[in-house]
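The values are calculated or read from the model by the stated rules, or taken from the named source; none is laboratory data. Keep in mind that what you see is a predicted model, and the values were worked out from it rather than measured. Neighbour counts are summed over all protein chains in view; Cβ atoms, including those assigned to glycine, are modelled from backbone coordinates with ideal geometry. The accessibility values were calculated without ligands, DNA or RNA, using every heavy atom of the protein model including side chains. Shrake-Rupley method; radii C 1.70, N 1.55, O 1.52, S 1.80 Å.
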Amino acid sequence: MQKKPVINELYLTVGKNSTPDSEVEVYGWVRSVRVQKYLSFAAINDGSSLKGMQVVLTSEEANKLKTGACVRIHGILTQSPGTEQSKELQAQHVEVLGESDSTYPLQKKYHSMEFLRDNLHLRSRTNLFGAIFRVRSAAIIGFQNFFQTNEFFQIHTPIITNSDCEGGGEVFKISANKKKNIKIEHTKDGLVEKDFFGSPVYLTVSGQLHAEILACAMSRVYTFGPVFRAEESLTSRHLAEFWMLEAEIAFMFKLDELLDFVESCLRDTTKHILNTCSQDLEFFNQWVDKELSTRLEDTINKPFIRITYSEAINILSKANKRFEFQPVFGTSFHSEHEKYLATDYCRGPVFITDYPKEIKPFYMRVNPDGKTVACTDLLFPKVGEIVGGSLREERYQKLVKRLKEFNLNTEEFQWYLDLRKYGTIPHGGFGIGFERYLQYITGSWMICAFFPKSGHSSINAHVAEYAMLNANN
């Protein structure tokens, strides 16, 4: 009977658990080949770890391998005399599963981000992007573990919706292909063509309003998925497609309760990443930001600072720094303001609370002063805003008033008002911009948002410029 292959045996089993002199079989892609007179070496990587497995083989076997080829290697695992790895594989049988040739773009040298943009389909094989996607995966698991531990139900909110949630209008409108998606209706005047949806629909900018429906029935829910913003800004902060983690919590009475929960969520998830991706984070600390390790340790060990919007305006007004946009009370903060507050002044994560109600969405609960709302933006150093959240307005008449202040049609939001009409509850929620959080965790604020030459996209990535580095990708 043929031996059943072990998935990820290259690192998860071979690299950690297998004992020296054991017989193993590994799979992966050739990163490099060194042909020498007596012994030759190949670096094999299957993507499950930053460092590959060094394979010792004959010159004849090595000459058959090309960088980029996919291989299966059977051999004996031994202690390595070198300092770069503790174990190496003495090859007994080498089989090429997928050929490669000299045109393979990713050779053992530094590749610029401009070059990798032209080879999007292969960039995940580089050390940089492999590390980013492994950290991304660990972050997802970390968040899920946190919410499951805190007795949340995971839900899925619509991608296609007739609401833009915040009324900002920066939405992608969906137009059906009229040749394929037409409804034919019979009327007294004959046959009438009608658009597929029957009314304007959009790609979602947030799942919050739908999540509130479930929170008003199941108490604690969270959703995690793609959202879309039709903003013109070509910056690392404005992707056309990105992922958002959103939570809604019933029976939440004070804003400080929400802040405590957000802080615990990010602290626990960051701990999970530190515990499971230490090798990748060391790579980022060495090649991307040499202060990253210290910053992440401070994030999990030091309390987040809390200041009000008014206090933040006062700090910015007195700052010994020239801003492109002068801070003015009653206006939103710009990126330069957020980064100054978190990076230079607070030197760590900072919650900004109680913004003027005029510059925040209609659903945020109005404070007793009648001028501000019970909300928060969480700012992280170098990146800026990571989280936005608030207590939700649960009072029916006050919510009606807010809708009118924003010139929103109350009939279109009647379902949302009904949640306040039938068993209303104090509740709150927040959303985490996942790509921005990853920028912070990987230190990649020096690596701007990814836009291919064809236009806007995220392709699950937030990386484009890798300026300053001499590392092999």
request  = Please list, ordered by first then second residue, the pairs with beta carbon atoms under 8 Å, 6 or more apart or interchain, first in the range 71-98 and hydroxyl-bearing (Ser, Thr, Tyr), second in a strand (DSSP E or B).
outcome  = Thr78/Lys87; Thr78/Glu88; Thr78/Leu89; Thr78/Gln90; Ser80/Gln54; Ser80/Lys87; Ser80/Glu88; Ser86/Gln79
message = If I go through the range 355-384 residue by residue, how many of them are under 29 Å from Ile441 (Cα atoms) and in contact (Cβ under 8 Å) with a residue 60 or more places away in the chain?
response = 10
query = Which ones in the range 95-105 are open to solvent by less than 50 Å² (accessible area, probe 1.4 Å) and touching a Phe, Trp or Tyr at 6+ places or on another chain (Cβ under 9 Å)?
reply = Gly98, Ser100, Pro105
request  = From Asp280, Asp289, Asp298, grab the single residue that is in contact with a Gly (Cβ under 7 Å, 6 or more places away or on another chain), in contact (Cβ under 8 Å) with a residue 12 or more places away in the chain and in a helix (DSSP H, G or I).
outcome  = Asp298
query = Is it true that Ser264 is among the hydroxyl-bearing types (Ser, Thr, Tyr), loosely packed, with under 14 Cβ neighbours inside 10 Å and without any contact (Cβ under 8 Å) to a residue 24 or more places away in the chain?
reply = no
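Each row is one residue, and each column tells you yes or no for (1) closer than 23 Å to Ser444 by Cβ; (2) open to solvent by 30 Å² or more (accessible area, probe 1.4 Å).
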position	(1), (2)
Asp289	yes, no
Arg306	no, yes
Ile313	no, no
Ala319	no, no
Arg322	no, yes
Gln326	no, yes
Phe329	no, yes
Ser332	no, yes
Ser335	yes, yes
key: Spans of helices (runs of 4 or more DSSP H) in the range 111-227 with at least 3 residues modelled with pLDDT of 95 or more and open to solvent by less than 60 Å² (accessible area, probe 1.4 Å)   = 127-149, 208-218
